[in-house]
Amino acid sequence: MPSRFDQSDVDRVRDATDLVALIAEHVSLHPKGREHVGLCPFHDDHTPSLTVVTHKDNAFYKCHSCGAAGNAFNFVMDYHKMSFPEALRHLAERAGVQLSARFDRTRDDSGTSAAALRKANAIAASFFCKMLQDREHGAATRSMICDRRIDDTMVDAFGLGAAPAEWDGLVRHARASGVGIESLVAAGLLKPRPTADGHYDAFRNRLIFPICDELGRPIAFGGRQLDPADEPKYLNSAESSIFHKSRTLYGLHLAKRAIIASKQAIVAEGYTDVIACHQAGLDNVVGTLGTALTREHVRLLKRLCDVVVLLFDGDAAGQRAADRAVELFFAESVDIKICILPDGSDPDDVLRQDAGVDRLRNDITAAEDALPYMTNQFRRELRRTDGAAAKYRCLERFMTKLVDLGWHHMPGVRKRQTSADLSHWLGVSIDDIESALPRQRRSFSTAVATGPSTDEPSVPQELAPAVSPARGRAERDLLALLIHSPGLRAQTVTAMDGGLVTVTKRFNAAAFHDPGVQRVAEAVFGRLETDSDFTVQDLMGELQSPDDRRLVSDLYEQAQVHADHTAAPSAAERLQAACAALSKVQGDESYREDLAAYRRDLRHTADADALREQINKRRKQGDLPAAMPLRVRS
Ligand SMILES: [Zn+2]
């Protein structure tokens, strides 16, 4: 934990934060035994790998697949790409905790480029909102909003704004607010004049749709033309370190709760479609930003819900987009439904008709599952094909496509249903269908071409054992017990001289030689020395390295598994055994070191008699075993 923060601020915020509730805002969590599980947001998860542990006052999360682990601060920092001060401020605000004045003085020192970009976008958003209310500059935009029948509630909720029809409105606003021009340029909101000094506004004479992150902070803007002469029709902010089109869904910050609650997300294609749906009471609707759906969008949505309905305009482009989207979602652990609106209309059109909401709801309910959608398309192709050989080739092509899309990852029940349908249509046995499946399966990543995923967490390499396996085991066993049950610190164990001492007197952090566990051991013994109980989340707050946090959660889990074992000895007995094991390793190692030292001495001394005498003396004292070789060079 960075030391310049008031520890009481950190503690108060952590105590006030319910980790399960926090993570459930981003991942659909299900109770499982004493824990909660869900899809991990830090890797491309297909089975629920994320566990949130909250027993015994602990609160931490852990991914069994990629190893992500941590407390509430780590989660927010990694999920929202925040610095520690940003995470603290965010969680404090969320929990209604007032931070101390000392923290408030550090408000503006997080001069990261991401923070500067966010600030630039926030300033622009407030400028566009102000312009929308401006009698002169907002008039044309207000009349477009009125034409589109977007009501005031939606204007506020989505933060709609107006970019005035002038070259330097935002430039002047920024100067008046004392904001650096550079960050607005970096955010793509201002551009340098090509022929003269100074800058001009990137968005002019447009209806502005702020694009927000999951916390509702503006990270980019979409601008729609007011005058048909101003090409293009829609203009988006350029991508930046905080804005990636392929990972952003329009309106997600407003739709997220409804998506989690209804276990269903509806994906539309445009800003106004999303707003029209929300206005009609369909709160679980989000939109893509003028791009096709990507795997990142899929990853985002499948964490929140079980069913994704893709709304497409009923035209040829919509049909193509639907085909592509089906393939994208195919192997994911989420059900996809395709809803192609009739008569070439878009959701906004449908909603403007009489009883439009009911019609749209009906269309959504009647949406077809992705797999039948695909197999029905295959069926149509089959009908157009003549001859048994040609039909079989058609089947082979289709099966190859299915395998490329992730057939082997699909739940068995879906596979059986598909095989049965195909068998029925072709009039052949299910075995024949399955024999058409290509044996060699290609990896999913090569089958679907999407942008590179840059935020994939790297799986930490196992450290080469720098200590003996016996020592490594003994160190981990002892550390695991102390992390799981810090109360054991007062427990007495056998000392070197056979007496009884507390475990913290018997061992300290220096007893841990495994480089992988050293830092964790230091943190654990540091906490034990202060003689107060600590939780896993306290410990994780201290550990900067994800590998260290992962080790803490692994060790906690190891001790929990042992404790859960019905025939398990008591914690005190296990502590005694772990201490004895580590003592034995230490004893064995120091004996071997002594032995090696004596051998070195014997080889390098000229006074053989003196040494022999010394060795015999030490043997009598019991320091050296009788079997020690006594070859002295003379
Ligand atoms: Zn993971």
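Every number here is computed from the coordinates shown, using simple stated rules; none is lab data. Note that the coordinates shown come from a computational prediction; the quantities given were computed from them, not determined experimentally. Glycine gets a Cβ as well: all are built from the backbone with ideal geometry, and neighbour counts include every protein chain shown.
Projecting the Cα atoms of N616, F312, L405 onto the charge dipole of the chain (Cβ charges, centred on the Cα centre) puts N616 farthest toward the positive pole. Under 19 Å of direct C-alpha separation, and excluding same-chain neighbours fewer than eight residues apart, K505 reaches these lysines: K584. Straight-distance candidates among the aspartates and glutamates for linking to K245, with alpha-carbon spacing under 14 Å and chain neighbours fewer than 8 residues away dropped: D213, E214, E269, E296.
The fraction of Cα-Cα pairs per 10 angstrom bin, counted from 0 for segment 274-380, comes to 14, 48, 33, 5 percent, rounded to whole percents.
Taking every Cα-Cα distance in segment 140-275 and sorting them into 5 Å bins starting at zero, the pair-distance distribution P(r) comes out as 2, 9, 17, 21, 20, 15, 8, 4, 2, 1, 0 percent.
Counted over the chain, the DSSP beta bridges are approximately 75% antiparallel. Counting 0.36 nm for each residue step from T54 to A568 and taking away their Cα separation leaves a gain of 182.9 nm. Considering all C-alpha pairs of segment 528-600, those separated by over 20 Å amount to 57%. Straight-line reach only, C-alpha to C-alpha below 25 angstrom: list the lysines that K415 could link to, leaving out same-chain residues fewer than 8 apart. Within the straight-line limit of under 25 Å, K415 reaches these lysines: K263, K302, K337, K391, K401. Each Lys and Arg contributes +1 and each Asp and Glu -1, all at the Cβ; summed about the Cα centre of segment 372-434, the dipole is approximately 260 debye. Segment 393-432 and segment 485-509 have Cα centres separated by 63 Å. Only alpha carbons enter this Debye calculation for segment 489-533, each as an equal point scatterer, and the log10 of I(q)/I(0) it gives at q = 0.14, 0.34 Å⁻¹ is -0.35, -1.12. At full extension, Q319 and A229 could sit 29.4 nm farther apart than now, given 0.36 nm per residue minus the alpha carbon distance. With unit charges on the beta carbon (Lys/Arg positive, Asp/Glu negative), name the residue among C394, V428, M496 whose Cα is farthest towards the positive pole of the charge dipole of the chain. Final value for the positive-end residue is M496.
Taken over the chain, the ratio of Cα radius of gyration to 2.2 N^0.38 Å equals 1.27. Of the cross-linked pairs K62/K256; K81/K119; K81/K191, those separated by over 18 Å at the C-alpha level are K62/K256; K81/K191.
When GluC sites (Glu not before Pro) are flagged only if DSSP places them in a loop and at most 12 other Cβ atoms lie within 10 Å, the longest unflagged stretch of the chain comes out as 137-461.
Dipole size in debye (nearest 20) for segment 276-421 around its Cα centre, Lys and Arg Cβ +1, Asp and Glu Cβ -1? Working shown, then result.
Working: 21 positive and 23 negative charges, 166 e Å.
So the magnitude is around 800 debye.
The mean of 1/r over all pairs of different alpha-carbon atoms in segment 59-213, once inverted, gives a Kirkwood hydrodynamic radius of 18.1 Å. Here the chain is assigned +1 on the Cβ of each Lys and Arg and -1 on the Cβ of each Asp and Glu. Its dipole about the Cα centre then comes out at about 1560 debye. Listed from fewest to most Cβ neighbours within 10 Å, the set W167, W425 follows the order W167, W425. Remark: C-alpha extents of segment 306-432 on the principal axes read 50, 33, 21 Å, sorted largest to smallest. Among A571, T248, S485, flag the residue with its Cα farthest along the positive direction of the charge dipole of the chain, charges on Cβ as +1 for Lys/Arg and -1 for Asp/Glu. The one lying farthest along the dipole's positive direction is A571.
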